[in-house]
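The values are calculated or read from the model by the stated rules, or taken from the named source; none is laboratory data. Predicted model, so just to flag it, every value in this text is computed and none were measured. We place every Cβ from the backbone using ideal geometry, glycine too, and count neighbours over all the protein chains shown.
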Amino acid sequence: MNLPFKVPFGKKEINQYFLALLLREEKVTAVIFEEAEGKIKPLAKHEESFKESVEAASEDEFLDTLDKAISIAEQNLPKSIETQKTIFGLKETWVEDAKIKRDYLSKLKKACDALGLSPVGFLVIHEAIAHLLQKEEGAPVSAVLAEIGKKHEVITLLRGGRIIETHRAKIEDSVAKTTDRLLHHFVNYEVLPARIVLFDGEKSDELSQEFISHSWSKDLPFLHVPQITVLSEGFDARSVLFGAASQMGFEVLGEGVSAPKRVTPNLEEQPQETEKMVEEEEISDEKEEDFGFVVGKDVRQFKKPTVVAPEAENEELEEEVVETPKDQPYPTSLKKAIAVGSLFSMVLSNAPRLKLFTKKIKLPKIPFSLPSFKNTSRPFLLIPVIGALFLILLLWYIFGLSAKVTLLAKAQTVEKNQDVILSSVDPTDPSTNTIHIDFVTVSEDGSSSAPATGKKEVGTPAKGTVTIYNSLSDSETFQQGTVITSDSGLKFTLDKSISVASSSGDPISGIKSGTAQVSVTASDIGTEYNLPSGVKFSIAGVSSSVVAKNDNPFSGGTKKNVTVISKDDLQKANDALIKSVEGKAKTDLMAKVQGDTILVSGYLDESINKSSPSKNVGDEASSFDVKGTVDFKSALYKKSDGDSVTKTLLTQSIENMTLSQNKTSYAFNSVKPQGNNKLTATLAAKAFLLPKVDTSQLAKNIAGKSFTDAKNIATKIPQISNILVKLSPNIPFPHLLPKMSNHITIEVVGE
């Protein structure tokens, strides 16, 4: 039997061992942690991957993968100990209205039955990550959370630490391009958070460089180039562990964050919202007969329910509340899950205690101490004291109460385009649409390889010897290079200069021609120049009485087609050289951004300063390398200068309206150089217009009014749809605004 209190006989507290199972898109992570004296510490962790994804895994694969992850993680535990109490980290798509969807609930129940697990509660992994980021950074996180797997990517839009929307896709081309494509699914938002948080990706340094160098689509509504944050390895497991510890009242060793202490008030002291939540959850989950979440109990050990009279049941029930730190509102999924599970388990087992996790309500501290009347013998003295206290409270209410009223307005969209000049020599001047810039350059060394695609015929010319016959009465001299032509039109050249004697003869024997032999070479390559013997040749520029003839065949002529480096190949190699260092250049240029300066989007001029190919144009090769230095040039401008010119452009011809400061965006399109010192561009500006409100007059009109009356007055102003009121100090009653109008501050924001 479990006693509801600790026996004070110095008995050593038995350590508890818990299992956290994180079911991710492509893998499961098992984390074993130990609880001792209200403190927990991680002991072991192991990951196992699904063949495709957790959604596509069959029942056998799902159970086998979970079993492997748990078994290997448990190897660091003593042999006699097995972990059963289990906290699940789930995907956001598995949960709806703070409850696990029925199909996935059934899947988890089968896993618990097969593996002998006792479920304690669950957390949405992305909510847990957002919560721990908020704890570490000190403010709610607004960002795009990107979970990078080997085959798939899941991105979640976070606003103020809350999950707004989630999308999933298969990774194609690159992770950054897949992210770019997924971001286009967020279609109902005027502005996306300019921060992308990456986790679970391999080679995080290369991944961050890929995102930094990626050129985001111009139609994505970023106010500026998004900041890239890479979470440390295991951050998801640490987030779930931290969240579970916070809700269960434990302290995480090594985290430096203590969970709140446990308190056990009466059920009547709990807020109505908690009682209503339990009632609704009891009705909605009463059909799940074997699967529940409960702290400190194994649902397998529960008995069948017994009927208890309502009065007796209320007398037996106690409520255990874990106070969540005021500045860290934790996601409600674990709290509601444990509340639902605890109630459901009580119905199943007739458990004597109902354990709910909810917030503890704290009343504001009164700025003075109440006197004690324990020993007062004259009760009539209480009347003036009570009157004085009432007067003090009244004065404190009148002079000490202040309020911040936020008017929610339906913003109107305005878009304008304007040609502007970006000048490094002229100052910023909104009247002339001029923005001052400073040019910045970086040089990057790199290399690239490219295939050779040029074609060329190569070979050797044919050679041989001819005899020149001179039938003229005078000798003839022929210079080196003299062309002789065969009957078929093939040309050859003399290899050296030669003289041929004149003809001679007598009346009996006839004329005898003068002769001389000389070597010749074909004027082109090819086997067709390998002529047989006995071919006659004419000699250019001389009489037909002088001819040549070869006594022996010509030989040595060859020809073949080979691949060589072309000019186009060299240009492609230089382009690849530029591309190979462009990402590093963008990173180095970003490093030059200081203060409120911003790089001009759409302008990056690159030129090769030095290029050294391993082979020259025309050389025979299948591929070749190029090494060189590339100069990159961009421009910086001050954000305040861009805002000034944009504001001037947008406020022209606008009456009774004002710009929403946090929803104004602009970009430079069609950026082109104009000389050495200037650029021309088109400034595309977009903003939301809010109504101009006389806040001092409105404060007078709503001073002393109830929140409802103040709303009725404010919503009569065009475009104002609702108001939010925050009192300081935040007293729960009455819902009246301060009597003094100068204690009311008013701001107008877009919905």
task: Filter the stretch 196-234 for residues that are under 17 Å from residue 180 (Cα atoms), touching a residue at least 60 places away in the same chain (Cβ under 8 Å) and out of contact with any Leu (no Cβ under 6 Å at 6 or more places or on another chain) and give the result.
output: 209, 210, 212, 213, 218, 223, 224, 225, 226, 229
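Let's see how each residue does on (1) surrounded by fewer than 13 Cβ atoms within 10 Å (Cβ to Cβ); (2) at pLDDT 85 or above; (3) not small (Gly, Ala, Ser):
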| position | (1), (2), (3) |
| --- | --- |
| 672 | yes, yes, yes |
| 682 | no, yes, yes |
| 691 | no, no, yes |
| 713 | no, yes, yes |
| 725 | no, yes, yes |
| 734 | yes, no, yes |
- request: Taking the options 136, 147, 165, 127, name whichever one is modelled with pLDDT of 85 or more and touching a Leu at 6+ places or on another chain (Cβ under 7 Å).
  value: 165
- prompt: How many of the residues making up the stretch 422-439 are hydrophobic (A, V, I, L, M, F, W, C), part of a strand (DSSP E or B) and surrounded by fewer than 17 Cβ atoms within 10 Å (Cβ to Cβ)?
  reply: 1
message: Can you confirm whether residue 474 is touching a strand residue (DSSP E or B) at 6+ places or on another chain (Cβ under 8 Å) and part of a loop (DSSP other than H, G, I, E, B)?
response: no
task: Report, by residue number, each residue of the stretch 625-642 that is surrounded by 16 or more Cβ atoms within 10 Å (Cβ to Cβ), out of contact with any Pro (no Cβ under 8 Å at 6 or more places or on another chain) and either among the aliphatic types (A, V, I, L, M) or assigned to a helix (DSSP H, G or I) (or both).
output: 630, 635, 636, 641, 642
Selected residue (criterion: surrounded by the most Cβ atoms within 10 Å (Cβ to Cβ)) from residues of the stretch 559-612 that are part of a helix (DSSP H, G or I) and basic (Lys, Arg): 586
field: Scan of the stretch 153-181 for residues that are of a type in the set (A, V, I, L, M, F, W, C), buried (at least 18 other Cβ atoms within 10 Å of the Cβ) and outside any strand (DSSP E or B), ordered by number
entry: 175, 176
query: In the stretch 63-91, how many are touching a helix residue (DSSP H, G or I) at 6+ places or on another chain (Cβ under 9 Å) and either surrounded by 20 or more Cβ atoms within 10 Å (Cβ to Cβ) or under 23 Å from residue 243 (Cα atoms) (or both)?
result: 11
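Conditions tested, residue by residue: (1) surrounded by fewer than 17 Cβ atoms within 10 Å (Cβ to Cβ); (2) hydroxyl-bearing (Ser, Thr, Tyr); (3) assigned to a strand (DSSP E or B).
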{"residue": "688", "(1), (2), (3)": "no, no, yes"}
{"residue": "697", "(1), (2), (3)": "yes, no, no"}
{"residue": "708", "(1), (2), (3)": "yes, yes, no"}
{"residue": "721", "(1), (2), (3)": "yes, yes, yes"}
Restricting the stretch 118-149 to residues that are in contact with a helix residue (DSSP H, G or I) (Cβ under 7 Å, 6 or more places away or on another chain) and farther than 27 Å from residue 179 by Cα, the residue that is surrounded by the fewest Cβ atoms within 10 Å (Cβ to Cβ): 118
message: Looking at the stretch 543-557 only, could you name the residues that are surrounded by fewer than 16 Cβ atoms within 10 Å (Cβ to Cβ) and either farther than 23 Å from residue 462 by Cα or in contact with an Asp or Glu (Cβ under 8 Å, 6 or more places away or on another chain) (or both)?
response: 543, 544, 545
task: Can you confirm whether the stretch 427-434 contains a residue that is out of contact with any Ser or Thr (no Cβ under 8 Å at 6 or more places or on another chain) and of a type in the set (D, E, K, R)?
output: yes
